[in-house]
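Reviewing the structure listed below.
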Amino acid sequence: MKKKHIYIYSPSSAVRDKAAFRRGLKRLQALGHEVEVDEAALATHQRFAGDDATRLAAIARAAASKADVALISRGGYGLTRILDAIPYKAVAKAVERGTEFVGLSDFTALQCALLAKTGAVTWQGPALGEDFGAEHGPDDIMEACFDDLLHGQGEGTGWRVPARDAGALEGFRALHGATLWGGNLCVLTSLLGTPYFPGVDKGVLFLEDVNEHPYRIERMLDQLRHAGVLARQKAVVFGHFTGTRKVPHDRGFDMKTVAARLRGLIKAPVLTGLPFGHVQTKVLLPVGAKVEVAADGRDVFLVWGHRGAGHGHGHAHGGGQHHHDHDH
């Protein structure tokens, strides 16, 4: 396999776990890639990876890097502050040239804004520190999906919906030509009513979050519902919602409650179990790409066809898929 050029930069929070950062770099280098680290990747200003101007300059350098992949060091907070100053045209041109922008969490803000402004496709996926720099090594599925992206082989993904939610697939009709979009629910919801919120109709909206109680997740979902966003989707897909703590007065109110209620309020199917979120096992998902969704029993297949690493667009052949059995 030809070695790839990966550019590491920090558009959000400051890198606090330097050991994980170093482990991530070593892991990518051990895989044979040429890893370039942005000059401000380890900068610190308050809680940010440098002040706003520093992080904007880092995004511009990532866009000018001609790398195969521009990978964030970490998420956190910081991109919503600078959405009115990001060089969207430069980033979109970089994507056109073949640079794939990959990240998650706070990176959802840049991805949604870029999609709204230019239609360019980016990838929800790993971050350097928490994923490639994981203490016990990177997750195999995540690494295989990232490798597929690098070599233009990833054409889709699949997973098994948890048994308790199998009913959501009854009568499910395959979806064709729907736009895949979404990411971190909290970040996405914060963009509502701004020019940076993608006006996606007939889309497949995927969502994940961390450290948000189910009632807060429900409140954000209701905001999207009341704003008419959910009614315009062909499907809503839940990834992982992690880091929530149950409290006694919930009295059984949990994410199952949230999903069941939502199913009663919108026509689009609400699917669960997508292997994505603040978890080690995560697939890569092309934000803004046209996808097809099919189901066979509890198995869901999300296919986007041949794209990635500057290989352009094509048709799905069913190859390069990583199927994850999520049944917790």
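The values are calculated or read from the model by the stated rules, or taken from the named source; none is laboratory data. A quick note: this is a predicted structure, and the numbers were derived from the prediction, not measured. Methodologically, a virtual Cβ is constructed for each residue, glycine included, from the backbone with ideal geometry; neighbour enumeration extends over all protein chains shown. These accessible areas exclude ligands, DNA and RNA; they are computed on the full protein's heavy atoms, side chains included. Shrake-Rupley method; radii C 1.70, N 1.55, O 1.52, S 1.80 Å.
Run down Ala41, Ala58 and say which single residue is in contact with a Pro (Cβ under 8 Å, 6 or more places away or on another chain), within 20 Å of Pro126 (Cα to Cα) and buried (at least 17 other Cβ atoms within 10 Å of the Cβ).
Among Ala41, Ala58, only Ala58 is in contact with a Pro (Cβ under 8 Å, 6 or more places away or on another chain), within 20 Å of Pro126 (Cα to Cα) and buried (at least 17 other Cβ atoms within 10 Å of the Cβ).
Residues being touching a helix residue (DSSP H, G or I) at 6+ places or on another chain (Cβ under 6 Å) and more than 12 Å from Ala134 (Cα to Cα): count how many of those fall in segment 7-27.
5
Has segment 147-162 got at least one residue that is surrounded by fewer than 17 Cβ atoms within 10 Å (Cβ to Cβ) and among the aromatic types (Phe, Trp, Tyr)?
no
Looking at Leu205, is it under 30 Å from Gly78 (Cβ atoms), open to solvent by less than 30 Å² (accessible area, probe 1.4 Å) and in contact (Cβ under 8 Å) with a residue 40 or more places away in the chain?
no
Keeping to segment 221-248, report how many residues are surrounded by 19 or more Cβ atoms within 10 Å (Cβ to Cβ) and either free of Cβ contacts under 8 Å to residues at least 24 places away in the same chain or within 19 Å of Gly264 (Cα to Cα) (or both).
Here the count works out to 10.
Can Ser73 be described as in contact (Cβ under 8 Å) with a residue 60 or more places away in the chain, open to solvent by 10 Å² or more (accessible area, probe 1.4 Å) and touching a helix residue (DSSP H, G or I) at 6+ places or on another chain (Cβ under 8 Å)?
no
Could you list, in sequence order, the residues of segment 8-21 that are open to solvent by less than 20 Å² (accessible area, probe 1.4 Å) and over 18 Å from the mean Cα position of the chain (by Cα)?
Ala14, Val15, Ala20, Phe21
Just to verify a result, which residue in segment 269-320, among those that are open to solvent by 50 Å² or more (accessible area, probe 1.4 Å) and on the phi > 0 side of the Ramachandran plot, is modelled with the highest pLDDT?
Gly297
Looking for whichever is closer than 23 Å to Leu42 by Cβ and of a type in the set (Val, Ile, Thr) here; the options are Val187, Val161, Val102. Which one fits?
From the options Val187, Val161, Val102, the qualifying one is Val102.
Six or more apart or on different chains, Cβ atoms under 6 Å: show the pairs whose first residue is in segment 32-44 and closer than 18 Å to Ala20 by Cβ and among the hydroxyl-bearing types (Ser, Thr, Tyr) and whose second is open to solvent by less than 20 Å² (accessible area, probe 1.4 Å) and not in a strand (DSSP E or B).
Thr44/Ala14
Which one is nearest to Gly182 (Cα to Cα), of the residues in segment 249-268 that are open to solvent by 10 Å² or more (accessible area, probe 1.4 Å) and of a type in the set (Val, Ile, Thr)?
For segment 249-268, the residue satisfying everything is Ile266.
I need the full set of residues from segment 106-118 which are part of a helix (DSSP H, G or I), closer than 15 Å to Pro11 by Cβ and not hydroxyl-bearing (Ser, Thr, Tyr), in order please.
Residues satisfying the conditions are Phe107, Ala109, Leu110, Gln111, Cys112, Ala113, Leu114.
Got a number for residues in segment 163-186 being at negative phi, out of contact with any Ser or Thr (no Cβ under 6 Å at 6 or more places or on another chain) and crowded, with 18+ Cβ neighbours inside 10 Å?
The number of residues fulfilling the criteria is 8.
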